């Protein structure tokens, strides 16, 4: 095996309204100057006092430390290079040239406007052009972009653009279906609402039959 290293609408109705590919979100270039852990814990204490509670009471004594440690996990995507994740590819795949689809992958992210969870699932497919990547790398790519402050539209575009740039496949298709806690637990309180975003590129956009096959596969209860 040869290895190479190189660095709310239905999906069918919404695929043409793609997010522009030239996405330059603020989270693509995070500040290198992070506050210390102690400074972050002090900020949590301030928020606890602002909320009306006493950070010195027994139940909250370790809360600042727990919150800071949780945030390091929630936003660990800033510490990884998404393009590097896809760098190792396989060329000898016995002529395989059909769709590669990962469906129903759990997505966990946080809204950049209110810093509350976005939880849902993602379906990611690409049509290889002579080389493929390990399927776990696609899942890791989803997590890298998910574990940052995000908007769902931007994240969907980032995933598709990175796969297209690094793997250079014949086509890429990404669908994200998620619930936003900023919409269900505050504000309009629309419990049960999900948001669907899509990014369709290359052969998936140009070939209606391939696109229909993608939508059929992610909607099938027989497959997956």
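Which residues, taken from segment 34-59, are closer than 23 Å to residue 76 by Cα and in a helix (DSSP H, G or I)? Hits for segment 34-59 are 37, 38, 39, 40, 41, 42, 43, 44, 45, 47.
Each row is one residue, and each column tells you yes or no for (1) farther than 18 Å from residue 78 by Cβ; (2) out of contact with any helix residue (DSSP H, G or I) (no Cβ under 8 Å at 6 or more places or on another chain); (3) modelled with pLDDT under 95.
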position: 138; (1), (2), (3): yes, no, no
position: 142; (1), (2), (3): no, no, no
position: 148; (1), (2), (3): no, no, no
position: 151; (1), (2), (3): no, yes, no
position: 164; (1), (2), (3): yes, yes, no
position: 179; (1), (2), (3): yes, yes, no
position: 182; (1), (2), (3): yes, yes, yes
position: 187; (1), (2), (3): yes, yes, yes
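Please find, within segment 106-129, the residue that is modelled with the lowest pLDDT out of those that are farther than 22 Å from residue 181 by Cβ and buried (at least 17 other Cβ atoms within 10 Å of the Cβ). If we take residues in segment 106-129 being farther than 22 Å from residue 181 by Cβ and buried (at least 17 other Cβ atoms within 10 Å of the Cβ), then 128 is modelled with the lowest pLDDT. For segment 90-100, the criterion of a residue being more than 26 Å from residue 186 (Cβ to Cβ), touching a helix residue (DSSP H, G or I) at 6+ places or on another chain (Cβ under 6 Å) and surrounded by 14 or more Cβ atoms within 10 Å (Cβ to Cβ) is satisfied by no position.
The values are calculated or read from the model by the stated rules, or taken from the named source; none is laboratory data. Because the structure is predicted, anything quoted here is derived from the model rather than measured. Because the Cβ atoms are built from the backbone with ideal geometry, glycine has one as well, and the counts that use them run over all protein chains shown.
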